[in-house]
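What follows is a single structure, written as structure tokens, with notes after it.
The values are calculated or read from the model by the stated rules, or taken from the named source; none is laboratory data. For clarity, every value in this text was computed on a predicted model and none was experimentally measured. Positions of Cβ are backbone-derived with ideal geometry, glycine not excepted, and every protein chain shown enters the neighbour counts. Please note that ligands, DNA and RNA were not included when accessible areas were found on the heavy atoms of the full protein model with its side chains. Shrake-Rupley method; radii C 1.70, N 1.55, O 1.52, S 1.80 Å.
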Amino acid sequence: MDDIKRKAAWHIERVDQLRRQLAEVEDLQDVLEKYDGEDFEIGMEMAGQWYRVKLMQDLGITKIQGELKKKLIAELHIRKEVLEMTLTQLIGGDTK
């Protein structure tokens, strides 16, 4: 019985994690669709500290923003489809 409880807890935790990721993907998609600014800020965590840089202001990179936006939107669309498919498989349901 403990094994079943452990597997059920893992399953619930995995579904919750994927649902959070899906919500983040959808939020970022919405923001990118509406974004009309010129400068992207990129951040990454290293050794417990966040480093952020603005492509145009800090680095002088001016020509990549449009292409970066298109690529991000395309990649987010793919990720959203994968998340939705995985969630559907995990919960054993139909999307309709």
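Quick notes
- Taking every residue in the stretch 38-51 that is more than 17 Å from Lys63 (Cβ to Cβ) and of a type in the set (Gly, Ala, Ser) and pairing it with any residue that is loosely packed, with under 10 Cβ neighbours inside 10 Å and at pLDDT 90 or above, at least 6 positions away or on another chain, the pairs with Cβ-Cβ distances below 7 Å are Gly43/Trp50; Gly43/Arg52.
- Residues of the stretch 31-65 that are open to solvent by 100 Å² or more (accessible area, probe 1.4 Å), under 25 Å from His77 (Cα atoms) and touching an Asp or Glu at 6+ places or on another chain (Cβ under 6 Å): Arg52 alone.
- For the stretch 68-84, taking the residues that are modelled with pLDDT under 95 and open to solvent by 90 Å² or more (accessible area, probe 1.4 Å), the one that is farthest from the chain's Cα centre (by Cα) is identified as Lys70.
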